[in-house]
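Inspection log for the structure reproduced underneath, given as structure tokens.
The values are calculated or read from the model by the stated rules, or taken from the named source; none is laboratory data. From a predicted model like this one, the values you see are computed outputs, not experimental measurements. Every residue, glycine among them, receives a Cβ derived from its backbone with ideal geometry; neighbour counts consider all protein chains shown. Areas reflect the complete protein model, heavy atoms only, side chains present, ligands, DNA and RNA absent. Shrake-Rupley method; radii C 1.70, N 1.55, O 1.52, S 1.80 Å.
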Amino acid sequence: MKHIHIIGIGTGNPEHVTIQAINAMNAADVVFLPVKGTGKEELAEIRREICERYITRPGSRVCEFAVPQRQTADRTYPQSVDAWHGEIARIYRELISGLPEDGGGAFLVWGDPSLYDSTIRIIERVRQEAGLDFDYSVIPGITSIQALAASHKIPVNLVGKPIEITTGRRLAHDGLLTDSTVVMLDGEQAFAKIDDPDAEIFWGAYLGTKDEIVRSGRLGDIAAEILALRAEARQRHGWIMDIYLLRKGRDFKE
């Protein structure tokens, strides 16, 4: 039976790749490498570097494929994501169909496959819709949350307090609900709209790469600086991946 390895590779530092991930990469006949087009070539280069550094199996090869852009016109967010996943599933089906009957393939996932990534969903969609006979395994990776906390030298949680992991869209809609809120996928810079200037923010971009930027402090004091840093970095690179933790309160305070 064909086997697919869904491998978390961390946030951009090749040294984030675990021994388990390296073994899975070398168990695959083909490593499928996504290319996201102009402006995001650096993301593909990091994946290529990981492959060049760690794949030692004779005859193993890398197969690059183009990732379609998500179309948002005249669609709700769930509709646009569902249609986009359908397009990617068709590509995955072709890639998996091309494997030998007992062959293995691998998809390299930024961060961890379980956290704001849809590779597992799409692979399940391929299995359900295409009738292909294959199984798969998931290899965990270092998440951007872990990388953020390590760079700032902080624990994510306050003692005895809950943590929320959400998106910029939800933060803008719901506001700051918990003592520790990790915010991902924030294209709207929702932190700048939070009406709690005494909250702390721990922000990071390009975590794990040579271009890493981190800032922390009282939200009311540094929100404008982060906005400026983010805009300049996005213009320079053509893309940005950032994440932040918003925190209110202190350890051991009820």
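Exposed loop sites were defined as trypsin sites (Lys or Arg not before Pro) in DSSP loop states (anything but H, G, I, E or B) carrying at most 13 other C-beta atoms within 10 Å; in the chain the longest segment without such a site runs 1-152.
Fully extending the segment from His173 to Gln235, taken as 0.36 nm per residue of separation minus the present Cα-Cα distance, adds 19.6 nm. A straight line joining the Cα centroids of segment 19-86 and segment 119-176 runs 17 Å.
A 1.4 Å probe run over the protein chains yields, for segment 60-148, 53 Å² of accessible area per residue, whole-number rounding. Where both bridge residues fall in segment 128-242, DSSP classifies roughly 60% of the beta bridges as antiparallel. Among the protein heavy atoms of the chain, carbon and sulfur supply 49% of the accessible surface, probe 1.4 Å, non-protein parts ignored. The GluC sites (Glu not before Pro) of segment 97-186 that DSSP puts in a loop, and whose beta carbon has at most 11 other beta carbons within 10 Å, are Glu101. Charge dipole (Cα centre; +1 on Lys/Arg Cβ, -1 on Asp/Glu Cβ; no other charges) of the chain amounts to roughly 140 debye.
Over 32 Å between C-alpha atoms is what I'm after, so list which of Lys40/Lys153; Lys36/Lys210; Lys161/Lys193; Lys210/Lys253; Lys40/Lys193; Lys210/Lys248 land there. Flagged as over cut-off: Lys210/Lys253. With the helix formula -39500 (n - 2.57) applied to DSSP H stretches of n ≥ 4, the chain reaches a computed 222 nm mean residue ellipticity of -11500 deg cm²/dmol.
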